[in-house]
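Report on the following structure.
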Amino acid sequence: MSRDGERHLNGNRRPMERIEPLPRLRRSFMGGRIRIERRDRSQVRCDVLAGHPPEWGFAAAAVNAEVSMDGDRAMRWTLACGVAGPILFTFVFMVDGAIRAGYDPATTPISQLLLGDAGWLESAAFVTSGLLIVAFAIGLRGALREGRGARWGPILIGVAGLGLAVAGILLPDPAFGYPPGTPGGPPQASASWHSTVHVLAAFAIFGALPVSAVILSRRFRSVGAAPWWLYSLASGVAMLVAFVSYIVGTSGGDGVGLVPGWLERLSVLIGFLWVAALAAHLLRSPAPSPGGNAART
């Protein structure tokens, strides 16, 4: 029997630690003898006050245990989405790009795989992976709770996931020699509205993800996790550099214009590997918590 259960049976109520519950999330039952308080997004406390039958102590303990287990289970599922989303997206575009007839991954952006008869497969990967990354961002926000990067780190990862999903729905225009018969290079005519939104969504991915990595590197540094803050910082910088090189390449810059497709893939691999590694790290261990006086970012 737990210590809480013993004290309930003895008729003594162990004092709760001092908390400030949100009034709208505080409920009382049975004439005020059972009180349920929600402390934050993941902690709920069911407490039995004085003058209760002994068996109520077991009920309160059961509620507390069940809520804790349900919260942990839900958070682990959302964190696992951060592993599944990047792996799914990377696997589909790498395999599809290698076997798609008339498609050259060295010179053609990933987005062009959304076109053609098999484009539905790539579109499904974009949308599904994007939503999985958004789910991971929600779980990450709950895991980090407070401190540096606890707000903007998850928000920016969520923006990147949302951008990926939008890019999979609103397709680009034919360009860069794909579908076969299309002139090489960027679109020659004015871009369609859906292609314009697609490009903006892509910039959301390649802009938000590096910034989130840099922001969270500050969090890891504040708790002395040297390998992780260095890895996060390096990933953010490297992803951004590779993406800028890709933009220069698709614009006809000297030299790099030969392999813009590989540069884009390198940028995606760096950023998505970081997301998957971060999710796996949080699944294995608690999120690092900076000191109480750390500034929120």
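Couple of notes before you dig in:
- As a calculated quantity, the FRET efficiency between L269 and E146 at R0 = 30 Å, using C-beta atoms, amounts to about 0.45.
- Counting every pair of alpha carbons in the stretch 75-284, the share spaced more than 21 Å apart comes to 51 percent.
- Percent RCO, i.e. relative contact order, over the stretch 75-284, from Cα pairs under 8 Å lying at least 6 residues apart: 26
- Per-peptide average of other Cβ atoms within 10 Å, ordering 134-145, 228-239 highest first: 134-145, 228-239
- Net length gained if the chain between A191 and A98 were fully extended (0.36 nm per residue, minus Cα distance): 30.8 nm
- Linear extension gain, V241 paired with R76, 0.36 nm per residue minus alpha-carbon span: 56.2 nm
Taken together, the values in this text are just the output of simple stated rules run on the coordinates, not laboratory data. Please read all numbers here as calculations on a predicted model, not as lab measurements. Note that each Cβ is placed from the backbone with ideal geometry, even for glycine, and that neighbours are counted across all protein chains shown.
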